[in-house]
1. Can you list the DSSP H helices in the chain whose Cα atoms extend at least 30 Å along the helix axis and whose mean Kyte-Doolittle hydropathy is -1.0 or higher?
2. Roughly what would the spin-label model give for V93 and D3, points 7 Å off Cα along C-beta, in nm?
3. Given axes a ≥ b ≥ c from the Cα gyration tensor, I'd like to know whether region 25-73 is rounded (a/c under 1.5), prolate (a/b larger than b/c) or oblate.
4. In whole percent, how big is the carbon plus sulfur part of the accessible area of the chain, probe 1.4 Å, protein atoms only?
5. Taking only protein heavy atoms and a 1.4 Å probe, what accessible area per residue, in Å², does the chain have with all protein chains in place?
6. Between R78 and N47, how many nm apart are label points set 7 Å from Cα along the C-beta direction?
7. What number, rounded to the nearest 500 deg cm²/dmol, is the helix-based mean residue ellipticity at 222 nm of the chain, given -39500 (n - 2.57) per DSSP H run of at least four residues and division by all its residues?
8. How much length, in nm to one decimal, is gained on full extension between K57 and L18, taken as 0.36 nm per residue of separation minus their Cα-Cα distance?
Amino acid sequence: MMDFNQLIQNIQNISDALFKSASKSVNIHLSLRNLYVGYYIVEFEQNGSDRAKYGEKLLEEISKEINIKDLTASELSRCRQLYSVYQSILGTVSQKFLSDFSPK
């Protein structure tokens, strides 16, 4: 039989464990998001048909158009750098992930 102290301990343990798991999952997904954002920027810069139109202001234009709070021009620059350094990681991402999140 469980006493009150055990009840409190069990609740704290499960809450801590699941919070840590959720935090890890969020960190992984945000890292993947940033890697993919960097990938798309680099691909556009190298192959985009209208890339000359944006020139050096590309990151500012992207940031303005997507209007996502934490993806400022400077953060987009970091995403591009992340991809440039760790582009081989994309090869390890599962095909299921790619099919679920690739643009349609």
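1. The answer, listed by residue number, is 4-47.
2. About 5.2 nm, to one decimal.
3. Values: a/c = 3.55, a/b = 1.63, b/c = 2.17.
Oblate, since a/c reaches 1.5 and b/c is not below a/b.
4. 57 percent
5. Accessible surface, normalised per residue, equals 78 Å².
6. 2.8 nm
7. -24500 deg cm²/dmol
8. Additional length available on full extension: 9.8 nm.
The values are calculated or read from the model by the stated rules, or taken from the named source; none is laboratory data. It should be emphasised that the depicted structure is a prediction, and the values quoted were computed from it without experimental measurement. A quick note on method: Cβ atoms are made from the backbone with ideal geometry, for glycine too, and the neighbour counts reach across all protein chains shown. What goes into the accessible areas is simple: the full protein's heavy atoms, side chains included, and nothing from ligands, DNA or RNA. Shrake-Rupley method; radii C 1.70, N 1.55, O 1.52, S 1.80 Å.
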